[in-house]
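Note sheet for the following structure.
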Amino acid sequence: MNEHHDEQNLRHRPPARRFGDGERWRWLTTAAVIMLLVGVFTYQNPQLWQEEQQVSEQPQQQLQQLAQLPEPPVADEPPAELPQEQPQQPQQQVQRPPTQVDVPPQVEQLAAAVAVSAAPESWLKPLAGGLQRSYGFGFDHTCGDYRFHSGADYAAPVGSKVQAMAAGTVTEVTEDALWGGVVTVTHGGGWQSIYKGLVLQVKEGAAVEAGDVLGSVMEFAAESAQESHLHVELHLEEECVDPEAWL
């Protein structure tokens, strides 16, 4: 009975599939068809084939171009260095000595234009002291620089009497923080004499004669670096002139 059963099983079992000649030819045929299609596609698209060829040839072309470039020249000597600019040395300021400067030309022109008859017959010196600082441009010891000096300074001890230089009228009397007492005398003909650094002894509106006392010398801040003195100005038509030219 067992033998009969085994025989039935063997009879109905399908034969095992093996990779035979038919199967091999079928795979070979499929591969041939694929290669044929690839060849046809490449033949119909020559541009794609050329691009692939160009991409593959680019590295070789670049190497050939680099090999053809000329070699850089070899310098036998180093390049000359550019001349360097020398640093400019600061200019030294020349200090001028504390000396007086000549009277400006405009003063001489004013003096030449003045009629002699318009000036007082004579001018008196306001006090007996010698000339300490002249009129014009010069070194100012108080300010420490060069500047215009509008009058003449006469050395005198504190308390020395100051007199009018000519007859006239006292037109202004003031007290200034820098100049102390200031007296202006109008003489006529466009002339005025101004006295600075005074202890006042006259009032505005007073008529004075040449030699009348106007005040006394005092210390004042405007020219404090100098020894005690009187500062005198002489004006013609509101323009200052050199007092020494008329005394």
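The values are calculated or read from the model by the stated rules, or taken from the named source; none is laboratory data. The structure presented is a predicted model; accordingly, all values stated were derived computationally and were not measured. Cβ coordinates were reconstructed from backbone atoms using ideal geometry, including for glycine residues, and neighbour counts include every protein chain displayed.
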When both residues are 6+ apart or on different chains and their Cβ atoms are under 8 Å apart, which pairs have a first residue that lies in the stretch 207-225 and is under 12 Å from VAL183 (Cβ atoms), and a second that is among the hydroxyl-bearing types (Ser, Thr, Tyr) and in a loop (DSSP other than H, G, I, E, B)?
SER216/SER160
Where the second residue is surrounded by 16 or more Cβ atoms within 10 Å (Cβ to Cβ) and of a type in the set (A, V, I, L, M) and the first is touching a residue at least 60 places away in the same chain (Cβ under 8 Å) and within 20 Å of ILE194 (Cα to Cα) and lies in the stretch 135-149, which pairs have Cβ atoms under 6 Å and are six or more apart or on separate chains?
TYR135/ALA152; GLY136/VAL103
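Taking the residues in the stretch 192-247 that are among the aromatic types (Phe, Trp, Tyr) and modelled with pLDDT under 95 as candidates, determine which candidate is nearest to PRO126 (Cα to Cα). Spell out the reasoning first.
The initial filter retains those residues of the stretch 192-247 that are among the aromatic types (Phe, Trp, Tyr), namely 195, 220, 246.
Those still in the list that are modelled with pLDDT under 95 too: 220, 246.
Working: PHE220: 18, TRP246: 12 Å.
The extreme case among them is TRP246.
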Index of the failed condition, SER122 passing every other in (1) exposed (fewer than 15 other Cβ atoms within 10 Å of the Cβ); (2) modelled with pLDDT of 95 or more; (3) under 18 Å from GLU244 (Cβ atoms)
(2)
Residues in the stretch 169-178: is at least one closer than 16 Å to PRO243 by Cα and either touching a residue at least 12 places away in the same chain (Cβ under 8 Å) or not basic (Lys, Arg) (or both)?
no
